[in-house]
1. Checking the structure you have, find out if any residue of segment 131-146 is more than 12 Å from the chain's Cα centre (by Cα), aliphatic (A, V, I, L, M) and within 25 Å of Gly83 (Cβ to Cβ).
2. Looking only at segment 69-97, count every residue that is touching a residue at least 60 places away in the same chain (Cβ under 8 Å) and exposed (fewer than 12 other Cβ atoms within 10 Å of the Cβ) and tell me the total.
Amino acid sequence: MNKRGFTLIELLIALSALSIVMLVLFTSLSSSIKTIEAVDDSISIIQEARTFIDILTREIESAIYTPNSENSFFKFTERDYFGMPVSEIHFVSIATFSRGVYVIAYKTEIEQEVFKIYKKIYPPTTNSEEAKWEEVISNVYGFSFTTYNSKGELVKNWDSTISQSIPNEIKIELYIKTNKDKEPFKISEIAKTRINKTLGSF
């Protein structure tokens with residue numbers, strides 16, 4: 001029986017074919033890893049936004065207000081930045097890690113075209129300037145509050161010193177964008193103030 005080995009050309013062809021197969025497998029694996037990483041990043045961004053909204057909702061739902069008290073208030077304002085809402089809110093609440101009543105404030109800052117939301121907490125009788133702003137979430141594309149006034153009109157600004165009350169319900173909207181999104185989308189929640197009564201002066 002005549003046995004012969006592989007020729008040099010056959011070996012080169014085989015090696016070339018193997019190289020192509022390995023390249024295809026490597027490219028496919030790299031693509032899969034990038035896809036998994038992109039999905040993980042998207043999930044992380046959404047979870048962070050969801051956690052932020054949940055905490056803010058609980059804080060607003062525990063807001064308290066005493067009319068005619070300079071240490072009790074509920075205010076939020078909105079301004080427009082190239083079509084996206086930029087909001088700020090200040091209110092008194094009992095929903096904090098520390099026992100007692102505290103002022104909770106959030107504001108939006110734009111730094112190099114990146115939206116960042118900052119938060120500070122301080123006792124109502126303390127000078128607000130002494131409290132330090134801390135960044136709580138970044139890479140957002142909009143932040144807004146809406147509610148209805150006594151006339152049933154949808155409003156994006158509220159001042160308890162004028163209305164002498166706090167809203168019954170507030171819609172919170174946070175605009176975010178993941179790596180796979182071309183345009184920002186919003187995550188929203190309805191906060192219902194549950195302690196809508198006076199607790200006396202501070």
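1. The answer is no; no qualifying residue exists.
2. Of the residues in segment 69-97, 0 are touching a residue at least 60 places away in the same chain (Cβ under 8 Å) and exposed (fewer than 12 other Cβ atoms within 10 Å of the Cβ).
Each row is one residue, and each column tells you yes or no for (1) of a type in the set (Val, Ile, Thr); (2) at pLDDT 85 or above; (3) within 20 Å of Lys192 (Cβ to Cβ).
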residue: Met1; (1), (2), (3): no, no, no
residue: Ile60; (1), (2), (3): yes, yes, yes
residue: Ile64; (1), (2), (3): yes, yes, yes
residue: Ser87; (1), (2), (3): no, yes, yes
residue: Ser98; (1), (2), (3): no, no, no
residue: Val101; (1), (2), (3): yes, yes, yes
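The values are calculated or read from the model by the stated rules, or taken from the named source; none is laboratory data. Not measured: the values here are computed from a predicted model. Virtual Cβ from ideal backbone geometry, glycine too; neighbours counted across all protein chains shown.
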